[in-house]
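Only one structure is covered here, and it is reproduced in the block below.
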Amino acid sequence: ILTHSLHGEIKGLKEFKPEDRPPVAIPFFAFRIMVGIGFLMLAVVAVSWWLRYRDHLFDSPWFLWLCMAMGPLGFVAVLAGWTTTEVGRQPWTVYGMLRTADSTSPSLVGGDVLVSLLAYMVVYLIIYPSAVLIAAGLVRKGPALAPETVAPIESGRPSAPINVELVQEGKTL
């Protein structure tokens, strides 16, 4: 596939100069972490199908805890995939044309990077806990409308435009 030929040959890593070789261990393990998490997620899906078939999907506490524990693993898989891609491309930004050492901006200094990193950290340290608190409050509050307060659904076409205030008060036209 890579050579676009049935008889193409792909060179091994040792056929490249040592300075042109990427580090091997980091992409090797990052790729396996990413794929392992993917298979673990597929296993959870298969278990959910089995539980759904047996009508125990929503009343199996161990499965609900498993689903909750699996939540952060998607993020870990994305990070592992990103690591595989970025470390695997080293030492090239554009293969054969631009090395990573040459692709940095000459006007960018360490202090600029530090200020940018600290700004991102401050923003995320505000946004993330705020989102957690808001979500926890919504979960504690529960559904907004109880089933008794929902207006019954009627079929047909209304004789006049719908008046939102009347509908909210429970009155009909």
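The values are calculated or read from the model by the stated rules, or taken from the named source; none is laboratory data. Source: prediction; values computed, not measured. Note that each Cβ is placed from the backbone with ideal geometry, even for glycine, and that neighbours are counted across all protein chains shown. Keep in mind that these areas ignore ligands, DNA and RNA; they rest on the heavy atoms of the full protein, side chains included. Shrake-Rupley method; radii C 1.70, N 1.55, O 1.52, S 1.80 Å.
If you roll a 1.4 Å probe over the heavy atoms of the protein chains, what accessible area per residue do you get for the stretch 13-104, in Å²? Before the final figure, lay out the partial values.
Working: 6890 Å² over 92 residues.
Value returned for the stretch 13-104: 75 Å² of accessible area per residue.
Rounded to the nearest whole Hz, the Karplus-based 3J(HN,Hα) values (6.51 cos²θ - 1.76 cosθ + 1.60, θ = phi - 60°) of the stretch 39-51 follow the sequence 5, 5, 5, 5, 5, 5, 4, 4, 5, 5, 5, 5, 5, with x at glycine and proline. For the residues 141, 14, a 1.4 Å probe over the protein chains yields an accessible-area ranking, largest first, of 14, 141.
Computed in the context of the full set of protein chains, the accessible area of the stretch 35-81 at 1.4 Å probe radius has 79% of its extent on carbon or sulfur. Put 124, 53 in order of accessible area, highest first, and with a 1.4 Å probe you get 53, 124. Accessible area per residue was computed with a 1.4 Å probe on protein heavy atoms; residue 62 scores about 140 Å². About its Cα centre, the stretch 13-104 has a charge dipole of approximately 160 debye under the convention of +1 per Lys or Arg Cβ and -1 per Asp or Glu Cβ, with nothing else charged. The calculated P(r) of the stretch 2-129, using every Cα pair and 10 Å bins from 0, goes 10, 21, 27, 21, 15, 6, 0 in percent.
Restricting the stretch 31-122 to trypsin sites (Lys or Arg not before Pro) that sit in a DSSP loop and have at most 11 other Cβ atoms within 10 Å of their own Cβ leaves 54. Close amide H pairs (under 5 Å, H built 1.01 Å from N) link residue 93 with 98, 99, 100, residues at least 5 positions away or on another chain.
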